[in-house]
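Trainee: This is the structure, below, for whatever I ask next.
Taken together, the values in this text are just the output of simple stated rules run on the coordinates, not laboratory data. Note that the coordinates shown come from a computational prediction; the quantities given were computed from them, not determined experimentally. Cβ atoms come from the backbone with ideal geometry, glycine included; neighbour counts cover every protein chain shown.
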Amino acid sequence: MYASMLMIGCLLLGQAETAVDEGLQIQVRRLVRQLDAPRLADREEAEAKLIAAGPSILKLLPPDSARASAEAKQRLARVRNKLQMAAAKAATNASQITLEAKGMPLSEIMAELRKQSGNEIVDLREDFGHPVTDPKLDVSLDKVPFLKALDEVLDKAELTVYPFHQSAGVGVVGRSETQKPRLGKACYDGPFRFETTSILAKRDLRDTAGEAMKVILEVAWEPRLQPISIMQRLSDLKVVDENGDPIQVDSTSVKLEVVPVEDDSTASLSLPLVLPSRDVKRIGKLTGKIEPTIPGKKELFTFDNLTEAKNVEKRLAGTKVTLEKVRRNNQIWEVRIRVGFDTPGGALESHRGWIFRNEAYLKDADGKRIPHDGMQTTRQTEDEVGIAYMFVLEKPPEKHTFVYEAPGTIATSQFEYTIEDIDLP
């Protein structure tokens, strides 16, 4: 009986969602037709309403139609570009978790966190010889950022994060008796988590100029993101002791920068402070902000008619990819492209290699994926990179498609942190 009721409920829910989708499709089709309306006011109204509908309608927008006027095509291109930009920027926001559960197994809670956030969570307990249990937990989360929600669940299950996990995702292990809970030690802003993990103090008994103190700040982020770089301006760092008196920051003109390793989801910043007197027992408040450069949502740039293509441009959101040409050298076919970003924010500086890890491949007429056999840089400026991809093929790629994956935007944002009551050694 219960199974039958559940099946009927699922069918009714599916029908309701389908009805909503169909209604939205009809509305989008009507507004797209209105882009070609005789009155200017109607055309502008349709464009504004399509943009206001948000990125969810991207999949409902039609391809360019030869029957549409030049103005309608322009308006549709503007709508698509603005929605792609919005979708790309939204990818760098914090994932929000909503979950109300009584006595739910840990494994099911973790599955829900993965589903709602798009972040991988890897259970490493068996690898470390820790007991692999599946306790039932009570959880009440209402639009809580993923990293804070994860901390709450881990604390309830007496687990913690293994910071040296070497593949994509958050590695989870058992929490030892000496380790403290994660909630209350950190602060959160957007998709980032901030926690001071240690303090290194040095007193020179012969020369006070040799005295120094460093606070190690761990910066963690949602694994679905991969920051290109993280910068901390020491001029943005403010520190006071338990009495509210300032603790000086050493070298305030310096900018600290870390380049995260691929698949890592944590990095450490060593914050240099002037060693206070022995009367100071703790840092009352430490505030600062980081400036990470974050690639947005990945977009697919596809090119056909490869043997005839020359300087073909494709733009999605804030990224432009140009297929310069495809040329043959014996059995090697060289596909030359240029990749440019509207707001690169230093992401293309020569010491950053992230862009060379973007996927680039051919697809044959049957849809089979053909990886490239090598690449070389042909150009590198502040906002554009040229790359030649080599493919060893027996026949000309006349019916092949070249596919290149790149973020739709590159954003440099600011995220703030405030950490209080840090005991000094």
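Trainee: Being in contact with a helix residue (DSSP H, G or I) (Cβ under 8 Å, 6 or more places away or on another chain) and within 24 Å of Val170 (Cβ to Cβ) is the filter here, so list the residues in region 248-264 that pass it.
Mentor: Glu262
Trainee: Please go through region 306-335 and pick out each residue that is in contact (Cβ under 8 Å) with a residue 24 or more places away in the chain and outside any strand (DSSP E or B).
Mentor: Of everything in region 306-335, those that are in contact (Cβ under 8 Å) with a residue 24 or more places away in the chain and outside any strand (DSSP E or B) turn out to be Leu306, Thr307, Ala317, Gly318, Gln331.
Trainee: Based on what the data block shows, is Ser235 out of contact with any Phe, Trp or Tyr (no Cβ under 8 Å at 6 or more places or on another chain), of a type in the set (S, T, N, Q), surrounded by fewer than 19 Cβ atoms within 10 Å (Cβ to Cβ) and under 19 Å from Pro292 (Cα atoms)?
Mentor: Criteria met by Ser235.
Trainee: Mind listing whichever residues of region 373-425 are in contact with a Ser or Thr (Cβ under 8 Å, 6 or more places away or on another chain) and of a type in the set (A, V, I, L, M)?
Mentor: Hits for region 373-425 are Val385, Ile387, Ala388, Val403, Ala406, Ile410, Ala411, Ile419, Ile422.
Trainee: Here's another thing I want to ask about it. Tally up the residues in region 23-72 that are surrounded by 17 or more Cβ atoms within 10 Å (Cβ to Cβ), more than 30 Å from the chain's Cα centre (by Cα) and not aliphatic (A, V, I, L, M), please.
Mentor: So the count comes out to 3.
Trainee: Only one of (1) crowded, with 16+ Cβ neighbours inside 10 Å; (2) acidic (Asp, Glu); (3) in contact with a Gly (Cβ under 7 Å, 6 or more places away or on another chain) fails for Glu112. Which number is that?
Mentor: Failed condition: (3).
Trainee: Now, a different point. Please go through region 368-425 and pick out each residue that is more than 27 Å from the chain's Cα centre (by Cα), part of a loop (DSSP other than H, G, I, E, B) and within 30 Å of Val239 (Cα to Cα).
Mentor: The answer is Leu424, Pro425.
Trainee: For region 227-242, how many residues meet the condition of being outside any strand (DSSP E or B) and touching a strand residue (DSSP E or B) at 6+ places or on another chain (Cβ under 7 Å)?
Mentor: Within region 227-242, residues that are outside any strand (DSSP E or B) and touching a strand residue (DSSP E or B) at 6+ places or on another chain (Cβ under 7 Å) number 6.
Trainee: While we're on this one: Right, Thr196: within 25 Å of the chain's Cα centre (by Cα) and either in a loop (DSSP other than H, G, I, E, B) or touching a residue at least 40 places away in the same chain (Cβ under 8 Å) (or both) or not?
Mentor: yes
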